[in-house]
Amino acid sequence: MQNIKKTYGPITALSNASILLKEGSVVALVGANGAGKSTLMNILGGITAQDDGELLVNDKKVNFNSPVDAARYGIQFVHQELSIFKTMTVAENIFINQFPAQFGIISKQVIESTTKQLLAELGSNLNPHHYVESLSTGDCQMVVIARAMLGNPKILILDEPTSSLSKYEKEKLNLVIGRLKEAGVAIIYITHFISEIFEVCDSVTVMRNGVTISSQAIHETDNSKIIELMLGDVASIEKKRKKERSENIFLKVDKLQNENKVKEASFELNKGEILGIWGLLGSGRTELVRSIIGLDGEPKGTILISRHGKLTPVSTEYLSGITAYVSEDRRGEGVLLPMSVLKNTALPNLKKVSGNLGMIMLNKARNLATRVINSLSIKVSNFDQTVGTLSGGNQQKIVFGKWLETEPDLLILDEPTRGLDISAKGEILKIATDLANNGVSILFISSELEELMKISDRYLIISERYVVAELPGDSTQDTLISALSKNVQGSAA
Amino acid sequence: MVNMITRILNFGRIKTKLNPLFLTTGLMFLAALIFLFLNSPEFFWLNNIVNIFNQCAVLAILSLGMSIVMIGGGIDLSLPANMALSAIFGSTIMILTGSVPLGCLIMLISGVAIGSLNGFAIARLRMIPFVVTLATMTICGGISVWVTNSVSIFNQPEKFFDIFLARVLGLPLSIYILIICLIMTQIAMSFTRFGWMVYAVGTSPSVCKVSRIPVKQVLFSTYVLAGFLAGVSAIVVTARLGSASANIGNDSVILDIVTACVIGGVSIYGGKGRPVGACLGAVLVVILGNILNLLEISFFIGLMLKGFLIIFFVSLDGLLVKQNE
């Protein structure tokens, strides 16, 4: 693939991406969220078409209009979300795309013997008769890979194949990848776990902001180099906040644990402080913040809040009552798309805008909506406009605005700038710092080191579902990156 | 389809911001009235119109209940069976004790109790509304037949009929009950905290959960309210028929309710529609029934037509949802 470009409306997903695959070799494709990995792979897999640039297979220019086209050139895509039919057997799942049939009747014998053979090639001894719902995730992965193998792939794309596998299953997968390599298959291996790259891959291609910025053989690089490339050089970061802050603890979380979502987390948050939570995707950062406000079941451990100058244990429900949570899933958990700005801003403030007998006071609701629109300068024609028709940035401001009206003590921001353009990003960060200056304590999650460094007063390092370290606000980019790579390495050992 | 209707209207220079669903319903309504005007002008005699409203009171009250549940994103198939069982319980007590208020109270309580059962299973135990209420419908239907041996319960105290068949200012009491229910429901849905929460929950439970809306309580309440309205309709139907029986909750009633709601613009996908729409839908269903009678078309063909109507309106609704996305 050479110089691929792709834009979605005003957003450029890929500006210059190239990747080279050799027979029988594994290329790791890494990059932060939104770097363009998925878009690039979707183009290779025939799911979308590129705007510019060319795809060459064996030096011949090709164009794919559909996944079927791509399959014709031996390109198979194993998605992160396994497309599995739970109520069907292993064999049926493998043949789901192309049942061999005679006169419309499927020959069970043929599909079962072929299945056995395919699985044996992959080194798996699954029974083709077994129903998939009884299998582990690792075995499901095997089934999906076997399905891809059925198309005799020359290029196999594995999108985060290990994200939900156990250690043992990972090793099994590595063996399978080894066998495929021997058979001459070129593999693209997408992952967020840097340590895995060194176990199976021959070379690494790093993407950032829609550009493939580096391709290196595996022995020429190491952990921290890759992470550095992924996150990019952060051009002289200007701290948005002055250093003077209160040292009064507002929130203290002690030995929090929530099934396998959060293994162990202890930390403190001062009043008016912005605590940056720094970890890779899948490290458990979202689960951590959701756990303390009880959105993911009841966690074990203690949560304490400063009340009348004393730290008092509180329930997740209580904490949730004084917390504004800006979810990373804006469309799914942030705004009611088909509803008006008025109703969206009123949603967490219904008590505030209603009077006796729970009657809504339209005046109050309108004033509230107007206040939100004006204070965050949201671009809408009026408060009856449907939120679904607004831009992402303005939708996010609605989320902020509705929460601000609840006068929260704690603000949780989970990737608040995802999918926003640069000016909207800046505005969102500005709002956050203004709030902190007014005494709101903030937990801030971001995949972008630059914005994290801009406004955080302190950092919490999270890895593999543990809070592993804490770094002061004046930490340099290098310290932050190495903290992460050190812990990534540590957990891989 | 939606576009077509809007385009046709635009062509006629009727600029409108109205929901195409309402427009379609409105046009159907108009067509029905014109048809009646041409074929049987006596339909428009005041007496007959009063009669029509009297006929549709029960269906309209049930449809109001259904609209609340549907706006919250659920469905309650047990409403007619609930009504029948509540009518049977209430009538039995009324006859045993001779107390009209007690009998009526029992009907309301029974309706609320069955509604709570649905609400508990759906909101707390997270069961699927369709399955739960289908089961409650069967259970209530079973109890009704078992308790009554399929025999109608007559001989409610005279006083009961005196009260509920009374005419105030020339109109039967049932119409007043309907209007009160309609106004209360419409106010509750449009102007109270509860109503706004129901619309929000019907639109997206996950947004509501994050926004501190008590999703479970809200869902539970929608089924309780629907159950209460089933209790009210039990009183009205018993008075109008002069008896209570298992058959007043037969399967065709639920078809009528769903038809009334979907042609009244209440979205089967939740979060959209108005109780008043469901109520008008109920009137339209009754008028269509009258037209079919007038044309001497069989009851079963009528059922078939209603089925088609539901499919037509639900698909229109689906197109609308897609268009908005």
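The table for this structure:
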read-out: Matching residues, the range A:387-398, being crowded, with 19+ Cβ neighbours inside 10 Å and within 14 Å of chain B (Cβ to nearest Cβ); value: A:Val387, A:Leu390, A:Gln395, A:Gln396, A:Ile398
read-out: Filtered residues of the range A:347-381 (kept if under 20 Å from A:Ile431 (Cα atoms), touching a strand residue (DSSP E or B) at 6+ places or on another chain (Cβ under 9 Å) and assigned to a loop (DSSP other than H, G, I, E, B)); value: none
read-out: Options B:Val262, B:Val266: the member that is of a type in the set (A, V, I, L, M, F, W, C), crowded, with 20+ Cβ neighbours inside 10 Å and either outside any helix (DSSP H, G or I) or free of Cβ contacts under 8 Å to residues at least 40 places away in the same chain (or both); value: B:Val266
read-out: Flag for A:Gly332 being under 25 Å from B:Gly271 (Cβ atoms) and either among the polar types (S, T, N, Q) or crowded, with 17+ Cβ neighbours inside 10 Å (or both); value: no
read-out: Filter result for A:Gly401 (part of a helix (DSSP H, G or I), more than 12 Å from chain B (Cβ to nearest Cβ) and either more than 20 Å from A:Glu448 (Cα to Cα) or in contact with a Ser or Thr (Cβ under 6 Å, 6 or more places away or on another chain) (or both)); value: yes
read-out: Which numbered condition B:Val198 fails, given (1) more than 18 Å from the chain's Cα centre (by Cα); (2) within 14 Å of chain A (Cβ to nearest Cβ); value: (1)
read-out: Selection count, the range B:175-195, where residues are farther than 28 Å from A:Thr345 by Cβ and either touching a Phe, Trp or Tyr at 6+ places or on another chain (Cβ under 7 Å) or facing chain A (nearest Cβ under 8 Å) (or both); value: 1
read-out: Per-region count, the range B:242-253, residues loosely packed, with under 15 Cβ neighbours inside 10 Å and under 12 Å from B:Ile153 (Cα atoms); value: 1
read-out: Residue match in the range A:347-355 (condition: at pLDDT below 90, farther than 30 Å from B:Leu320 by Cα, exposed (fewer than 14 other Cβ atoms within 10 Å of the Cβ) and facing another protein chain (nearest Cβ under 10 Å)); value: yes
read-out: Per-region count, the range A:310-325, residues over 16 Å from A:Glu268 (Cβ atoms) and either exposed (fewer than 11 other Cβ atoms within 10 Å of the Cβ) or more than 10 Å from chain B (Cβ to nearest Cβ) (or both); value: 4
read-out: Selection within the range A:356-386 - of a type in the set (A, V, I, L, M, F, W, C) and at the interface with chain B (Cβ under 7 Å from one of its Cβ atoms); value: A:Met359, A:Ile360
read-out: Search result, residues across the range B:201-224 that are among the aliphatic types (A, V, I, L, M), in contact (Cβ under 8 Å) with a residue 12 or more places away in the chain and not in a loop (DSSP other than H, G, I, E, B); value: B:Val201, B:Val215, B:Val218, B:Leu219, B:Val224
read-out: Failed condition for B:Leu255, given (1) within 24 Å of B:Thr203 (Cβ to Cβ); (2) of a type outside the set (Ser, Thr, Tyr); (3) without any contact (Cβ under 8 Å) to a residue 60 or more places away in the chain; value: (1)
read-out: Per-region count, the range A:44-69, residues within 15 Å of A:Asn152 (Cβ to Cβ) and touching a helix residue (DSSP H, G or I) at 6+ places or on another chain (Cβ under 7 Å); value: 0
read-out: Candidates B:Ser211, B:Ser221, B:Ser206, filtered to the one that is buried (at least 24 other Cβ atoms within 10 Å of the Cβ) and within 14 Å of chain A (Cβ to nearest Cβ); value: B:Ser211
read-out: Residues located in the range A:326-346, provided they are β-branched (Val, Ile, Thr) and either more than 9 Å from chain B (Cβ to nearest Cβ) or assigned to a strand (DSSP E or B) (or both); value: A:Val326, A:Val341, A:Thr345
read-out: Which listed residue is more than 15 Å from the chain's Cα centre (by Cα) and not in a loop (DSSP other than H, G, I, E, B), from B:Leu255, B:Leu316; value: B:Leu316
read-out: Residue within the range B:135-153 that is loosely packed, with under 13 Cβ neighbours inside 10 Å, in contact (Cβ under 8 Å) with a residue 24 or more places away in the chain and either away from every other protein chain (no Cβ under 14 Å) or among the basic types (Lys, Arg) (or both) present; value: yes
read-out: Residue in the range B:302-319 that is touching a Cys at 6+ places or on another chain (Cβ under 8 Å), surrounded by 20 or more Cβ atoms within 10 Å (Cβ to Cβ) and within 14 Å of chain A (Cβ to nearest Cβ) present; value: no
read-out: Test: residue in the range A:7-14 that is closer than 25 Å to A:Ser423 by Cα, over 21 Å from the mean Cα position of the chain (by Cα) and either assigned by TED's automatic domain parsing to the domain that holds A:Gly184 or modelled with pLDDT of 80 or more (or both); value: yes
read-out: Test: residue in the range A:108-124 that is in a loop (DSSP other than H, G, I, E, B) and without any contact (Cβ under 8 Å) to a residue 40 or more places away in the chain; value: no
read-out: Residue, farthest from the chain's Cα centre (by Cα), within the range A:419-446, restricted to residues that are of a type outside the set (Gly, Ala, Ser), outside any helix (DSSP H, G or I) and crowded, with 16+ Cβ neighbours inside 10 Å; value: A:Val440
read-out: Those residues of the range A:40-72 which are touching a residue at least 12 places away in the same chain (Cβ under 8 Å) and either under 22 Å from A:Met142 (Cα atoms) or assigned to a helix (DSSP H, G or I) (or both), in sequence order; value: A:Leu40, A:Met41, A:Ile43, A:Leu44, A:Gly45, A:Pro67, A:Val68, A:Asp69, A:Ala70, A:Ala71
read-out: Search result, residues across the range A:264-294 that are among the aliphatic types (A, V, I, L, M) and surrounded by fewer than 19 Cβ atoms within 10 Å (Cβ to Cβ); value: A:Leu281
read-out: Filter pass, A:Gly301 being assigned to a strand (DSSP E or B) and more than 9 Å from chain B (Cβ to nearest Cβ); value: yes
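For every residue, the table says whether it meets (1) surrounded by 14 or more Cβ atoms within 10 Å (Cβ to Cβ); (2) within 24 Å of A:Gly46 (Cα to Cα); (3) out of contact with any Leu (no Cβ under 8 Å at 6 or more places or on another chain); (4) not assigned by TED's automatic domain parsing to the domain that holds A:Lys22.
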position	(1), (2), (3), (4)
A:Leu82	yes, yes, yes, no
A:Thr87	no, no, yes, no
A:Ile105	no, no, yes, no
A:Ile111	yes, no, yes, no
A:Gln117	no, no, yes, no
A:Leu126	yes, no, no, no
A:Leu150	yes, yes, no, no
A:Lys154	yes, yes, yes, no
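The values are calculated or read from the model by the stated rules, or taken from the named source; none is laboratory data. Since this is a predicted model, take the numbers as computed values, not measurements. Cβ atoms come from the backbone with ideal geometry, glycine included; neighbour counts cover every protein chain shown.
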